[in-house]
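Below is one structure, written out as structure tokens; comments come after it.
All of the numbers you see were taken from the coordinates with simple rules; none came from a lab. Note that this is a predicted model, so its numbers are computed, not measured. Every residue, glycine as well, gets a Cβ built from its backbone with ideal geometry; the counts of neighbours run over all protein chains shown.
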Amino acid sequence: MRQSQLFSTTLREAPSEADAQAASHRWLLRAGFIRPLGAGIYSLLPLGFRAARKIEAIIRAEMNAIGGQELLMPVMHPADLWKETGRYYQIGDEMGRFRDRVGRDMVLAMTHEEVVTDLVRKEIRSYRQLPQLIYHLQTKWRDDPRPRAGLIRVREFTMKDSYSLDADWEGLDKQYRAHYQAYFNIFHRCGLDVIAVNSDVGMMGGKLAHEFMYLTPLGEDTLILCDACGYTANRQVARLRKPPAPGATGERGAAAPAEPRPLEKVATPGVNTIKGLAEFLNVPAAQTAKAVFLMATVTEGDQDVDKFVFAVVRGDMDLNETKLGNAVQAKDLRPAREEEIRAVGAAPGYASPVGLNPDKMIIVVDDLIPAAPNLVAGANEAGYHLLNTNYGRDYTAHLVADIVAAEAGSACPECGTPVRAERGVEVGNIFKLGTRYTNALGANYLDKDGQSKPVIMGSYGIGVGRLLACVAEAYNDADGLCWPVSVAPYQVHLMRLPGGEAAADDLYAALGRLGLEVLYDDRDERPGVKFKDADLLGLPLRVTVSERALKAGGVELKRRGVKDSRIVPLAEAAGAVQQEIKDLEAALGQRVAPVPYRE
RNA sequence: CGGGGCGUGGCUCAGUUUGGCUAGAGCACUCGGUUCGGGACUGAGAGGUCGAGCGUUCAAAUCGCUCCGCCCCGACCA
């Protein structure tokens, strides 16, 4: 490709919209890979599109290698299908909805479980047709309330989503594990280091899920990592080994569990925080109970109702809303407003379930609470607390569940070692859906015994643009991008400088004959401009043909990001370039290796 | 959705507080000249409904109201 013909320009300054944002965003804009159209909506310019195509080719190769068959499903779906699975009602404004010309409800694809399952119920009759793996690369629309950081979080994006279809759970497990490894291969081939973490199933529903995370402070997810045993999880679902409460059975040095002591009401004027309470009464925060109030939208029968949720965790811990939401099977969860709290008889800052009417709410206590005797809790009266509240004696809950958040320093649920917390961007995920969709849509097959059974599904996604952005995030320096050869829009950046015109033209042709992908900077620009642009674009190998280089004995080869360059005789240049690219590819290939599966 | 910020040539911004000459600069772009290995210099140009609408005023980029868009923080988020 002759750069003089390239449809994009570099920017000397980053547009202000990229201020304070991700480095990947600034460089992709400046280097002319992407252009914004609206909030969270981007065009890929030729360079960006080529890089995305490279990623897609890697994805296709790895999907095909595990038996995937590519197809293509529509972006616009009749809403009826989404009504059948209920997600039409479960999902809020994030879903794009419109009507067609005759007034039929339509939706824009957020994902394709519904459509896949509809295909399955129409095509799959027999166990003999299973297992299957189908995938496509298709546009998704998710009307995210807050797009940010360039391509990292957008509203319209291309996603590879694959769907496994099996007759039994063993088959699902096999395909799930195949994806687990294939995903590592994909990311490694792109030069990106990721970790797999246990994750929440969220709106997908299902049984088990992993997310593939690129670790960066830019990430929006918090991950809990144990260096000792390798436990990894998204904070949303991270378990933790809970420390025993003071006075509880099993507390170190405690001869026997503390006996419940009588309730006692004490004045605690102006003390409405756990910290203040612990100081005021001179007890550890672990000896207190923290109350958190939320409004949950839950489905009762065929309608949604808002329920007041009274959550209780030990004072030294924080509530994990995802865990709580899952515990009460909430479609939606939001903090309760003060008037809603007062309406059930609780006093904000001084609340506990003691003495409240359990019919007005869902009381959920963390599973540590029943094992923690004599906690200080609110008296539901401003300025007063209760000493020695005991679960079971003074109040009970509708649910006892693990609802506290793991954080840095929490004990690992597997080995007890203090865990680390890191931020990460989710570049891929895999879900064991099970029969969530095939049941809802009646996608059944006949097994060997003639029994009708639902097909067992898995779904597996990778965001192409987000992956591109993460690679850009991982590979840039003060001068611009530094693409891994597998993702770079072109392998070679050939610079034609004064005195080297004829030789450069010849070399461009020769490299083309070798099948190399070359961006040929044939522009009539000053050398400084061309070098700056070359650094900005970040192609892995730069080849300079100039009077100076020719006088020095040939052409100059330089890897992006490496200071040193070397002169190669003109006659050997094409071969040397080819070898350099092979070397770069080989180095990247070293990254691809089996990764142990971790449930 | 809450809080904050911004909207002036393609890009970065000045001008808005205190209304008033013809709306400016740098970069980029076009043509010419000098340059030519790390974002040159110079001469001449082209390019703007000052986000939109309504209003106040003799007069609005500037003041008021309404709306729209974008960015940041939060809520949210396979």
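Odds and ends about this structure:
- Zone residues, segment A:312-340, relative to residue A:281, backbone N less than 14 Å from point 7 Å out along Cα-to-Cβ: A:313-316
- When A:141, A:169 are sorted by how many other C-beta atoms sit within 10 angstrom of their C-beta, beginning with the fewest, the order is A:169, A:141.
- The phi-based Karplus calculation (6.51 cos²θ - 1.76 cosθ + 1.60; θ = phi - 60°) puts the 3J(HN,Hα) values of segment A:310-315 at 9, 9, 10, 10, 5, x Hz, whole numbers, x for Gly and Pro.
- Net charge dipole size for chain A [Lys, Arg +1 and Asp, Glu -1 on Cβ; Debye, nearest 20]: 820 debye
- Residues of segment A:137-153 falling in the label zone of residue A:91, defined by backbone nitrogen less than 19 Å from a point 7 Å along Cα to beta-carbon, are A:137-148, A:153.
- Taking the charge dipole of segment A:269-348 about its Cα centre, with +1 at Lys and Arg Cβ atoms and -1 at Asp and Glu Cβ atoms, the residue from A:348, A:330, A:278 reaching farthest to the positive side is A:278.
- Taking amide H as placed 1.01 Å from N in the peptide plane, residue A:363 has its amide H under 5 Å from the amide H of A:310, A:398, A:399, each at least 5 places away in sequence or on another chain.
- Each residue of segment A:266-281 is assigned a 3J(HN,Hα), and the resulting list reads 10, 7, 9, x, x, 9, 10, 10, 4, 4, x, 5, 4, 6, 4, 8 Hz, derived from the Karplus form 6.51 cos²θ - 1.76 cosθ + 1.60 (θ = phi - 60°), x at Gly and Pro.
- Counting 0.36 nm for each residue step from residue A:367 to residue A:384 and taking away their Cα separation leaves a gain of 3.6 nm.
- Order of A:7, A:49 under a 10 Å beta carbon neighbour criterion, fewest first: A:7, A:49
- Candidates per trypsin sites (Lys or Arg not before Pro) in segment A:122-179, loop by DSSP, up to 14 other Cβ within 10 Å: A:125
- Straight-line cross-link partners of residue A:448 among the lysines, defined as a Cα under 27 Å from its Cα and at least 8 positions apart when in the same chain: A:122, A:174, A:207, A:432.
- Residue-span extension gain [residue A:547 to residue A:597] - 0.36 nm each, minus C-alpha spacing: 12.5 nm
- Of the residues A:292, A:71, A:126, the one whose Cα sits farthest toward the positive end of the charge dipole of chain A, with +1 on the Cβ of Lys and Arg and -1 on the Cβ of Asp and Glu, is A:71.
- Cα gyration tensor, segment A:479-589 - rounded (a/c under 1.5), prolate or oblate: oblate
- Length-normalised contact order of chain A in % [C-alpha pairs under 8 Å, at least 6 apart]: 17 percent
- For the listed peptides A:445-454, A:383-392, a ranking on the average number of other beta carbons within 10 Å per residue, highest first, reads A:383-392, A:445-454.
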